[in-house]
Amino acid sequence: MNITGNTIFIPGATSGIGLALALRLQAAGNTVVIGGRRTDALENLAAEHGFATVPIDTTDPASVLAARDQVLAQHADLNVLVAMAGVMNAEDVRSADFLAEAERIVDTNINGPLRLVAAFVDHLQSRPAATLMTVSSGLAFTPLAYTPTYNGTKAFIHQYSETVRMQLAGTSVQVIELVPPAVQTELMPGNSVDEHFMPLDAFADEVMAILEAQPDAQEILVETVKFLRFAEVEGRYAAAVAALNPAA
């Protein structure tokens, strides 16, 4: 992926990693369209930063299609989709009460990206150089004990990305998997001030540096996430799980 000269759609970009990347990609010389469910937040970000915006709820198939139609009507040169959709919550599978929340996480973290890919893949293949960026997690590789469904959905995104990359080989679409570590955002309450997590600005800056230095990268791995990403292949999986879950 070239770091500049693109037209990029980032759903889920009203806060957190999505917004941090949107700001940096815009500053690098890209046209950035951001999406989200909160129209007030979209209006404020459009006024403050000049983003094009579109309302979207990735858990609603009709909303995804409507957003696609609006984005492509206004930005026919769109060539980058960041399929960012994620929620995280603690669960305890020892109680049957976990199921409703688990289903909500699956619908957002798996079905949301699937809907986005299905909506935009034809258009991306029509562009001479396009990128599909997925967003998994270090927890796809080394699990956190109290977020089983989140871990599982991100493991799905990893394997889905690997397989979609194989299917799109020979087309104009590059598939990049962004693999965040624990980052200081409000993905879960209190995470944004957890001193053990990677500061958001540092994460976004390192991602941009990797994109610029490695335009053909298949995975974007900041240094911090490599502890989780390569724990199993480097033969230290049990130790990494124990370090991540000291009270488990």
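Between the Cα long axis of helix 39-49 and the first principal axis of the chain there is an angle of about 70°, rounded to the nearest 10.
As a proxy for reagent exposure, ranking Ile34, Ile157 by other Cβ atoms within 10 Å from fewest up yields Ile157, Ile34. Here is how the number arises for the chain: DSSP H runs of 4 or more residues each give -39500 (n - 2.57), the sum is divided by the residue count, and the result at 222 nm is -13500 deg cm²/dmol. Close amide-amide hydrogen proximity is noted between Val32 and Ile8, Ala52, each under 5 Å apart and 5 or more residues distant or on a separate chain (H modeled in the peptide plane; Pro and chain starts excluded). What's the angle, to the nearest 10 degrees (0 to 90), between helix 16-27's Cα axis and the longest principal axis of the chain? Relative to the chain, helix 16-27 is tipped by roughly 40 degrees. Placing one equal scatterer on every Cα of the range 41-176 and applying the Debye formula, the log10 ratio I(q)/I(0) at q = 0.13, 0.18, 0.19, 0.20 Å⁻¹ is -0.64, -1.06, -1.13, -1.19. Given +1 at the Cβ of Lys and Arg, -1 at the Cβ of Asp and Glu and no other charges, the dipole of the range 7-244 around its Cα centre is 420 debye to the nearest 20. Dividing the mean sequence gap of close Cα pairs (under 8 Å, 6+ apart) by how many residues the chain holds gives a relative contact order of 19 percent.
As a rough footprinting exposure proxy, the listed residues Arg229, Arg24, Arg38 were ranked by other beta carbons within 10 Å of their own, and the order from fewest upward is Arg38, Arg24, Arg229.
Using the Stokes-Einstein relation with a Kirkwood hydrodynamic radius computed over Cα pairs, the translational diffusion coefficient of the range 43-120 at 37 °C and a viscosity of 0.692 mPa s comes to 229 µm²/s.
Does anyone have the angle between helix 200-213 and the longest principal axis of the chain? Alpha-carbon axes, 0 to 90°, nearest 10? Helix 200-213 and the main axis of the chain meet at about 60 degrees. When Asp216, Asp92 are arranged by Cβ crowding within 10 Å, least crowded first, meaning fewest neighbours, the order is Asp216, Asp92.
Taken about its Cα centre, the range 1-110 carries a charge dipole of roughly 380 debye when the Cβ of each Lys and Arg holds +1 and the Cβ of each Asp and Glu holds -1.
Read the figures in this text as sums done on the coordinates, not as results from a lab. Keep in mind that what you see is a predicted model, and the values were worked out from it rather than measured. When we count neighbours, we look across all protein chains shown, and the Cβ atoms used for this are built from the backbone with ideal geometry, even at glycine.
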